[in-house]
1. Where in segment 1-114 are there strands (runs of 3 or more DSSP E), lying wholly inside it, with at least 3 residues that are without any contact (Cβ under 8 Å) to a residue 60 or more places away in the chain and under 28 Å from K196 (Cα atoms)?
2. Filter segment 139-185 down to residues that are among the charged types (D, E, K, R), over 26 Å from D272 (Cα atoms) and touching a strand residue (DSSP E or B) at 6+ places or on another chain (Cβ under 8 Å), then give me how many there are.
3. Of all residues in segment 181-202, which are surrounded by fewer than 16 Cβ atoms within 10 Å (Cβ to Cβ), assigned to a helix (DSSP H, G or I) and touching an Asp or Glu at 6+ places or on another chain (Cβ under 8 Å)?
4. In this structure, does A124 turn out to be at pLDDT 95 or above, over 25 Å from Y215 (Cβ atoms), surrounded by fewer than 18 Cβ atoms within 10 Å (Cβ to Cβ) and not β-branched (V, I, T)?
5. Based on what the data block shows, is F75 surrounded by fewer than 23 Cβ atoms within 10 Å (Cβ to Cβ) and touching a Lys or Arg at 6+ places or on another chain (Cβ under 7 Å)?
6. Could you say whether any residue in segment 15-22 is within 26 Å of N177 (Cα to Cα), among the hydrophobic types (A, V, I, L, M, F, W, C) and surrounded by 23 or more Cβ atoms within 10 Å (Cβ to Cβ)?
7. For segment 203-228, enumerate the residues that are among the aliphatic types (A, V, I, L, M), within 21 Å of A73 (Cα to Cα), touching a residue at least 12 places away in the same chain (Cβ under 8 Å) and surrounded by fewer than 20 Cβ atoms within 10 Å (Cβ to Cβ).
8. Mind listing just one residue for me: the one in segment 129-180 that is over 20 Å from G45 (Cβ atoms) and in contact with a Phe, Trp or Tyr (Cβ under 8 Å, 6 or more places away or on another chain) and, of those, surrounded by the fewest Cβ atoms within 10 Å (Cβ to Cβ)?
Amino acid sequence: MMKLSSPAADLYVPDRRPLAAALARTTHLCLAAHQDDIEILAYHGISAAFARRTFTGVVITDGGGSPRAGKFARFTDEQMKIARRMEQRRAARLGHYGAMLQLAHPSAVVKDSRRPEVVADLAAILRATTPEAVYLHNPADKHDTHVACFWRCLEALRALPVRLRPKAVYGCEVWRNLDWLVDTDKVVLDDSANPKLAAKLIGAFVSQIAGGKRYDLAIAGRRLANATFHTSHATDRANALTWAMDLTPLVRDPKLSVEKYTLSYLDRLRADVAARLRKFK
């Protein structure tokens, strides 16, 4: 039985297989900060693994500090944690996840690089799953907790033996769109499959939608906008796209600077803008 560091951690297998067996079948893994982040950034993996139930989701934080309004307005942090935990379980059932793990770490713990428990939990999960593809927050995200989670995930991935490292690691958009990447830098994640399922997954998080965050509308709109504005001289080939950075080089080479790697994307954008301006001067 997997032991995680927080006594409040929630381990859930929708089809009731033994946890070890559920984790072992994982092909697509998402390590995300909050409840609903998985459904926003990793729908590509959810839909790809849907028929085989080989997607595993991991939520790192406890969900206690989320905004609340309407019927949730007077919920305490503890009540919100319970509500969000159950919403995440519902999404796991709807999405046919193989397993859903909620680690229940406070954001302050995730942000403290001196605390070992988050990385230890993530390393244990990575060893138990050995996925082909991993979906993370991207290092240019504007949400502090998302960036802290990215760092803890990268530390866990880099600590793996080379033979256990995933073939592909994607840093996906949530709180900062990645439409600013030059086209050659964009990893295109096609989210067109089963739009009704995509809507149901976002809709599972009633506490957030009722709290004034219309993720159900915003995510569908962003995916459609990405598809439409992907290329100016061709008809749309998809109706929903998510952009991602290829983070695989950061995992393969632990000595590669995260800051330099991330800023190189901005350097290429700057060069692209400058070249186009000079072209028609």
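1. On the way: elements: 10-12, 28-32, 55-61, 99-105.
Result: 55-61.
2. So the first thing to find is which residues in segment 139-185 are among the charged types (D, E, K, R), and the list is 141-142, 144, 152, 155, 158, 163, 165, 167, 173, 176, 179, 183, 185.
Checking the rest, the ones that are also over 26 Å from D272 (Cα atoms) come to 144, 152, 155, 158, 163, 165, 167.
With the extra rule that they be touching a strand residue (DSSP E or B) at 6+ places or on another chain (Cβ under 8 Å), the set shrinks to 152, 167.
Of the residues in segment 139-185, 2 are among the charged types (D, E, K, R), over 26 Å from D272 (Cα atoms) and touching a strand residue (DSSP E or B) at 6+ places or on another chain (Cβ under 8 Å).
3. A199
4. Details: at pLDDT 95 or above: yes; over 25 Å from Y215 (Cβ atoms): yes; surrounded by fewer than 18 Cβ atoms within 10 Å (Cβ to Cβ): yes; not β-branched (V, I, T): yes.
The answer is yes for A124.
5. Values: surrounded by fewer than 23 Cβ atoms within 10 Å (Cβ to Cβ): yes; touching a Lys or Arg at 6+ places or on another chain (Cβ under 7 Å): yes.
Judged against the criteria, F75 is a match.
6. Going residue by residue through segment 15-22, those that are within 26 Å of N177 (Cα to Cα) are none.
The answer is no, given that none of the residues of segment 15-22 is within 26 Å of N177 (Cα to Cα), among the hydrophobic types (A, V, I, L, M, F, W, C) and surrounded by 23 or more Cβ atoms within 10 Å (Cβ to Cβ).
7. Kept after step one, since they are among the aliphatic types (A, V, I, L, M), are these residues of segment 203-228: 204, 206, 209-210, 217-220, 224-225, 227.
If we keep only those that are within 21 Å of A73 (Cα to Cα) too, we end up with 204, 206, 209-210.
Checking which are touching a residue at least 12 places away in the same chain (Cβ under 8 Å) leaves us with 204, 206, 210.
Matches in segment 203-228: V206, A210.
8. Ranking the qualifying residues of segment 129-180, first place goes to K142.
The values are calculated or read from the model by the stated rules, or taken from the named source; none is laboratory data. Predicted model only: the values in this text are computed from it and were never measured. Every residue, glycine among them, receives a Cβ derived from its backbone with ideal geometry; neighbour counts consider all protein chains shown.
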